[in-house]
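The structure appears below as structure tokens.
The values are calculated or read from the model by the stated rules, or taken from the named source; none is laboratory data. Source: prediction; values computed, not measured. With ideal geometry, Cβ positions are generated from the backbone for all residues, glycine too; neighbour counts draw on all protein chains shown. These area figures cover heavy atoms from the full protein model, side chains too; ligands, DNA and RNA do not enter into them. Shrake-Rupley method; radii C 1.70, N 1.55, O 1.52, S 1.80 Å.
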Amino acid sequence: QVQLVESGGGLVQPGGSLRLSCAASGATLHYYAIGWFRQAPGKERAGVSCINSRSNSTFYLETVKGRFTISRDSAKNTVYLRMDSLKLEDTGAYYCAAEPTPVRGYYPPCSLRSSSPYDSWGQGTQVTVSS
């Protein structure tokens with residue numbers, strides 16, 4: 001099982017930027033798809049972005065597309081979520097999660113529709129966008 005630790009959250013003004021980090025230990029993220037999810041008070045957890053293993057192809061929630069960028073640093077075994085032009089509605093607890101993928105062969109791309117494929121989760125980091 002891979003262990004994940006998020007960091008980088010905080011209080012930021014609208015229009016500001018933050019970079020969240022998801023540091024992994026216990027396994028290399030080369031073999032895992034990584035998803036970022038967020039949960040605002042009173043709302044369901046929603047997928048924000050994900051990056052596939054090896055190919056590093058990415059997907060984004062429509063409302064963050066063009067503002068958020070997910071990336072992987074294999075040397076640091078870390079996945080990042082760069083968030084620019086932050087809006088009030090971006091406020092929430094952000095979690096990273098890992099989905100194991102086969103070493104070789106076909107597997108579907110990472111999903112933002114459901115959190116069930118992800119079996120390892122970090123503790124979360126709070127992002128608050130407020131003026």
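A Stokes-Einstein calculation at 20 °C with viscosity 1.002 mPa s, built on the Kirkwood radius of the chain over Cα pairs, returns a diffusion coefficient of 147 µm²/s. Rounded to whole numbers, the Karplus 3J(HN,Hα) couplings from phi for the range 53-69 are 5, 6, 6, 6, 5, 10, 9, 9, 4, 4, 6, 10, 4, x, 10, 9, 9 Hz, using 6.51 cos²θ - 1.76 cosθ + 1.60 with θ = phi - 60°, and x at Gly and Pro.
What residues of the range 34-50 lie in the reach of a label at Lys87, counting those whose backbone N is under 20 Å from a point 7 Å from the Cα along Cα→Cβ? Answer for this model: 36-50. Summing Lys and Arg as +1 and Asp and Glu as -1 over all other residues whose Cβ lies under 15 Å from the Cβ of Ser49 gives a net charge of +3. Projected onto their three principal axes, the Cα atoms of the range 2-51 cover extents of 35, 22, 16 Å, largest first.
Expressed as a whole percent, the accessible area of the chain that falls on carbon and sulfur atoms is 49 (1.4 Å probe).
Computed over neighbours whose Cβ is under 9 Å from that of Thr63, the net charge equals 0, Lys and Arg +1, Asp and Glu -1. Ligands, DNA and RNA are left out, and with a 1.4 angstrom probe the accessible area of the range 1-50 is 49 Å² per residue. Report note on the peptides 47-56, 91-100: ranked by the mean count of other C-beta atoms within 10 Å, highest first, their order is 91-100, 47-56. Per-residue Karplus couplings for the range 116-131, computed as 6.51 cos²θ - 1.76 cosθ + 1.60 with θ equal to phi - 60°, are listed in order as 4, x, 8, 10, 10, 10, x, 7, x, 9, 7, 10, 10, 9, 8, 9 Hz, Gly and Pro entered as x. Here the range 22-131 is treated with +1 on each Lys and Arg Cβ and -1 on each Asp and Glu Cβ, and its dipole about the Cα centre works out to around 160 debye.
Multiplying the residue separation of Ser74 and Ser131 by 0.36 nm and removing their Cα-Cα distance gives an extension gain of 17.0 nm.
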